[in-house]
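Asker: First, the structure itself, so that you have it in front of you.
The values are calculated or read from the model by the stated rules, or taken from the named source; none is laboratory data. These numbers come from a predicted model, not from an experiment. Note that we place each Cβ from the backbone using ideal geometry, even for glycine, and neighbour counts take in every protein chain shown. Just so you know, the surface numbers come from the protein's heavy atoms only, side chains and all, with ligands and any DNA or RNA stripped out. Shrake-Rupley method; radii C 1.70, N 1.55, O 1.52, S 1.80 Å.
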Amino acid sequence: MLDTLLDLVFPQWCAGCGRWDTPLCEECRAEFLSRWRDCSADAPFLMLVREDGEEPAFPVFCLGTYEGRRRRCIISWKNQASAPLDHAMASLIPDVAGLALPEHVTVVPAPSSPSRERRGMFVAGVLGQQVAELGGWRYANVLRKAKRNWKREIELRADVALGRARRGLRIQARGAKSRAMSVRRLNGDVVLVDDVLTTGATLAGAAHAVADAGGRVVGAFVLASAKNPRRV
Ligand SMILES: [Zn+2]
């Protein structure tokens, strides 16, 4: 009866298609029923340039591309505080066994804004806790967004836009984003978790912050990955 009452007060509709009376309908659920696949090659900011080509800094496991219902589900999930939806999405996360990751890692979610976290809208946190439970790993929400240096970022972007690119400018531009995160007390192997992989800049920034704190990122998990921006 309490459930019925709560449904009346807080009605539920599907995050992916808007269908009434369920946080996530069967068809939208099916969008996430897949195995982890490595999509790190689609993220330009995660590429390490070597003499004989480039390779991703670490594997990034995802459940599909960021489009259609899957994209709508994720956007809608990010923008509402709903325990039933958190639960429904977490239940879709497949097992992490057999992914060639170390036995002992710390699962660290990409940082959200403190106000979103307070309001219960922390998708990376829900995912991170689920991944940690499946892998029998430690979960630690230790990354924080540092204050952004807007003046510096605007200067860097203007330089790029106006073609005033100097040697090493791209590295600096990456640095601007990587410095936008800080981390306390962390060592050993780390697995990052975020909702979506786009250019890889967020994960690269997080990996820098983890390295600064003495840890090492050995992999990452995301729900979906955007199409490779270089190919698009
Ligand atoms: Zn649906």
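Asker: Select from the range 21-40 the residues that are open to solvent by 50 Å² or more (accessible area, probe 1.4 Å) and within 16 Å of the chain's Cα centre (by Cα) and write down the one among them that is nearest to the ligand (Cβ to nearest atom).
Answerer: Arg37
Asker: Still on this model: Write out, first by first residue and then by second, each pair whose Cβ atoms fall under 8 Å of each other, whose residues are 6+ apart or on separate chains, and whose first residue, in the range 59-76, is assigned to a helix (DSSP H, G or I) while the second is open to solvent by 30 Å² or more (accessible area, probe 1.4 Å).
Answerer: Close Cβ pairs satisfying both conditions: Gly68/Glu31; Arg69/Cys17; Arg69/Glu27; Arg69/Glu31; Arg70/Glu31; Arg72/Cys17; Cys73/Glu31; Ile74/Tyr66.
Asker: How about the range 22-58: which of its residues are under 23 Å from Gly215 (Cα atoms) and in a loop (DSSP other than H, G, I, E, B)?
Answerer: Answer for the range 22-58, where residues must be under 23 Å from Gly215 (Cα atoms) and in a loop (DSSP other than H, G, I, E, B): Cys39, Ala43, Ala57, Phe58.
Asker: Scan the range 112-125 residue by residue and report those that are outside any loop (DSSP other than H, G, I, E, B) and buried (at least 19 other Cβ atoms within 10 Å of the Cβ). Quick ask: steps written out before the conclusion?
Answerer: First, the residues of the range 112-125 that are outside any loop (DSSP other than H, G, I, E, B): 114-118, 123-125.
Val123, Ala124, Gly125 - these are the residues of the range 112-125 that are outside any loop (DSSP other than H, G, I, E, B) and buried (at least 19 other Cβ atoms within 10 Å of the Cβ).
Asker: Got a sec? Which strands (runs of 3 or more DSSP E) wholly within the range 126-232 have at least 2 residues that are open to solvent by less than 20 Å² (accessible area, probe 1.4 Å) and modelled with pLDDT of 85 or more?
Answerer: Numbers: elements: 143-145, 181-183, 188-197, 215-225.
Here the list reads 188-197, 215-225.
Asker: May I ask you to say which residue of Asp95, Asp86 is of a type in the set (Asp, Glu), surrounded by 20 or more Cβ atoms within 10 Å (Cβ to Cβ) and in contact (Cβ under 8 Å) with a residue 12 or more places away in the chain? Even if it seems obvious, please write down each step before you answer.
Answerer: Numbers: Asp95 fails: surrounded by 20 or more Cβ atoms within 10 Å (Cβ to Cβ).
Asp86 is the lone residue from the list that is of a type in the set (Asp, Glu), surrounded by 20 or more Cβ atoms within 10 Å (Cβ to Cβ) and in contact (Cβ under 8 Å) with a residue 12 or more places away in the chain.
Asker: Does any residue in the range 1-20 that is modelled with pLDDT under 80 and more than 9 Å from the ligand (Cβ to nearest atom) come within less than 9 Å, Cβ to Cβ, of a residue that is part of a loop (DSSP other than H, G, I, E, B) and open to solvent by 80 Å² or more (accessible area, probe 1.4 Å) six or more places away or on a different chain, and which pairs are these?
Answerer: That search, which allows pairs on different chains as well, returns Asp7/Asp21; Pro11/Asp21.
Asker: I've got another one for you. Among the residues of the range 101-111, count how many are touching a residue at least 24 places away in the same chain (Cβ under 8 Å) and part of a loop (DSSP other than H, G, I, E, B).
Answerer: So in the range 101-111, the residues touching a residue at least 24 places away in the same chain (Cβ under 8 Å) come out as 101-102, 104-111.
Restricting the remaining residues to those that are part of a loop (DSSP other than H, G, I, E, B) gives 101-102, 104-105, 110-111.
The qualifying residues number 6.
Asker: Going through the range 53-81 one residue at a time, which ones are away from the ligand (no atom under 14 Å from the Cβ) and open to solvent by less than 30 Å² (accessible area, probe 1.4 Å)?
Answerer: Of everything in the range 53-81, those that are away from the ligand (no atom under 14 Å from the Cβ) and open to solvent by less than 30 Å² (accessible area, probe 1.4 Å) turn out to be Phe58, Val60, Phe61, Cys62, Leu63, Gly64.
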